[in-house]
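Here is the structure we will look at.
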Amino acid sequence: MPRTLVKDALAATAPRDSILLQGWVRTRRDAKAFSFVEVNDGSSLKGLQVIVDATLPDYAAVARAHTGTSVEVHGRLVASQGAGQQWEVVAEKFTVVGEADATYPLQKKGHTMEFLRGIAHLRPRSNLFGAVFRVRSRLAYAIHQFFQERGFVYVHTPIITASDCEGAGELFRVSTLDPAKPPRTADGAVDYGQDFFAKQAYLTVSGQLEGETFACALSNIYTFGPTFRAENSHTSRHASEFWMIEPEMAFCDLQGDMAVAEEFVKYLIRDARTHCAADLEFFAKFVDKDLLTRLDFVLERPFQRCSYTEAIDLLAKAGRKWEHPVAWGDNLQSEHERYLAEEHFKCPVTLFDYPRTLKPFYMRVNDDGRTVRAMDLLVPGIGEIIGGSQREERLEILRENLAEHHLSEKDYWWYLDLRRYGTVPHAGFGLGFERMLMFVTGVANIRDVIPFARTPGSADF
């Protein structure tokens with residue numbers, strides 16, 4: 001008999017004479033002549049109640065069905081006699097597949113987030129993390145759906161690279177050299193010419209540069225994959241390994257870039273509201289009571305566009321004492337971004353035209369020479385959720401930018417070729433998948449929206 005998932009059983013429109021359930025025991029209540037066993041298989045937030053009559057030949061197995069035990073149930077799907085559920089299963093055969101004793105860490109009680117991070121291999125079985133990872137799965141699907149519906153080509157950019165897109169130097173080195181006895185050059189430096197790739201190689205911080213090469217051939221492309229930052233940050237918003245969505249669009253300027261980014265954010269929120277309603281309601285009840293209001297806030301209001309220079313002026317006139325003083329040429333902090341979205345404009349905000357000195361080498365320089373065609377999308381509760389720009393398509397100016405950032409043309413020869421041969425205006429952006437998940441679920445720590453968090457000092461699972 002084919003297995004029926006709990007979510008499908010709960011959504012049934014009619015009773016069934018025969019059904020097979022397989023999952024894990026959440027709770028068990030024993031009465032005189034029968035037992036109630038709640039079974040959950042991870043397909044939904046709710047479990048399905050199974051009634052096991054004491055007259056069954058294998059009823060003795062129920063005594064071994066502790067919380068965490070895996071079970072198999074053959075039975076009938078019938079209308080529930082109790083409140084709060086439409087269906088329940090009357091067992092005709094009840095089998096314990098894998099036992100779990102009293103040492104099972106996820107007993108029916110409250111657990112701290114810190115405790116659950118210490119059992120990352122088991123936490124997906126909890127209500128909270130089951131919901132998080134169902135939403136993660138659905139939004140991953142929605143990402144592909146958004147771009148595929150609009151004719152974008154999915155490109156797999158390399159995880160191992162020799163170039164640093166951001167120029168920040170926060171890179172994990174990839175090497176096969178013996179760390180105890182590496183080969184040396186004549187001047188005593190490590191000879192990376194003898195390494196696997198005959199040069200220094202790293203885990204990628206972004207697929208953008210490689211993505212640009214495909215945009216300059218296939219027009220509209222996107223990447224969606226893991227990226228890595230070796231920054232020694234212990235905040236709730238940073239991880240060393242995370243996933244990025246990075247579209248690149250040929251024949252596109254900053255205005256077009258902002259339009260796609262704004263549409264993308266709304267699309268993902270709308271998809272989650274439609275397809276993850278039960279899980280979002282759970283988050284709103286137990287994680288963040290303002291979650292649904294905040295999501296609808298972004299859905300219902302158009303983005304307000306504001307230049308960086310205008311934003312600095314607004315912040316300076318706000319009559320507030322900022323923890324981080326406001327000055328033109330400085331990065332905006334979370335307190336500034338949230339003020340703009342939550343209090344001043346009272347809607348999501350797209351900031352654009354940032355100071356040239358704040359941004360990487362690849363962003364297109366404006367005619368004023370002081371600013372670049374960069375943009376950030378700000379949403380309430382989080383601040384920046386997307387960063388992007390129109391890319392510098394002019395060869396000579398790109399060469400000047402490389403020199404200003406002390407980057408070698410030799411290392412970026414292939415990137416410069418894109419400007420030598422058939423250059424076009426093009427633009428793109430990056431959305432950190434985990435940041436988006438934090439916004440959609442209300443979960444406050446990035447460690448709790450990724451299956452196995454990689455942070456400084458932590459790679460246990």
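A few notes on this one:
- Note on the range 58-81: residues that are closer than 17 Å to residue 23 by Cα and either polar (S, T, N, Q) or touching a residue at least 60 places away in the same chain (Cβ under 8 Å) (or both) amount to 6.
- Filter pass, residue 239 being modelled with pLDDT under 95 and either surrounded by 17 or more Cβ atoms within 10 Å (Cβ to Cβ) or touching a Leu at 6+ places or on another chain (Cβ under 9 Å) (or both): yes
- Criterion violated by residue 386 - all others in (1) out of contact with any Asp or Glu (no Cβ under 8 Å at 6 or more places or on another chain); (2) aliphatic (A, V, I, L, M); (3) in a strand (DSSP E or B) satisfied: (1)
- Within the range 391-424, the set of residues being acidic (Asp, Glu) and assigned to a helix (DSSP H, G or I) comprises 396, 400, 404, 417.
- Complete set of residues in the range 308-365 that are of a type in the set (S, T, N, Q) and either touching a strand residue (DSSP E or B) at 6+ places or on another chain (Cβ under 8 Å) or more than 30 Å from residue 411 (Cα to Cα) (or both): 309, 333, 334, 350
- Considering the range 362-376, the residues that are touching a residue at least 24 places away in the same chain (Cβ under 8 Å) and more than 22 Å from residue 251 (Cβ to Cβ) include one that is surrounded by the most Cβ atoms within 10 Å (Cβ to Cβ), namely 376.
- Residue list for the range 318-335, restricted to those being over 27 Å from the mean Cα position of the chain (by Cα), surrounded by fewer than 14 Cβ atoms within 10 Å (Cβ to Cβ) and either of a type outside the set (Lys, Arg) or closer than 30 Å to residue 266 by Cβ (or both): 319, 320, 322, 323, 324, 325, 327, 328, 329
- Residue 249 vs. criteria touching a helix residue (DSSP H, G or I) at 6+ places or on another chain (Cβ under 9 Å) and either over 18 Å from residue 432 (Cα atoms) or at pLDDT 95 or above (or both): yes
- Residue 443 meets each of the listed conditions (1) closer than 25 Å to residue 200 by Cα; (2) part of a loop (DSSP other than H, G, I, E, B); (3) at pLDDT 95 or above apart from (1).
- For the range 203-235, the candidate set comprises residues that are within 18 Å of the chain's Cα centre (by Cα) and assigned to a strand (DSSP E or B); within that set, the residue that is surrounded by the most Cβ atoms within 10 Å (Cβ to Cβ) is 222.
- Scan of the range 78-90 for residues that are touching a helix residue (DSSP H, G or I) at 6+ places or on another chain (Cβ under 9 Å) and either of a type in the set (Gly, Ala, Ser) or not in a loop (DSSP other than H, G, I, E, B) (or both), ordered by number: 87, 89
- Breaking point among (1) surrounded by 14 or more Cβ atoms within 10 Å (Cβ to Cβ); (2) out of contact with any Pro (no Cβ under 9 Å at 6 or more places or on another chain); (3) in the same structural domain as residue 411 (by TED's automatic domain parsing), for residue 160: (1)
The values are calculated or read from the model by the stated rules, or taken from the named source; none is laboratory data. None of these values were measured; they are calculated from a predicted model. In this analysis, Cβ positions are derived from the backbone assuming ideal geometry, glycine residues included, and neighbour counts consider all displayed protein chains.
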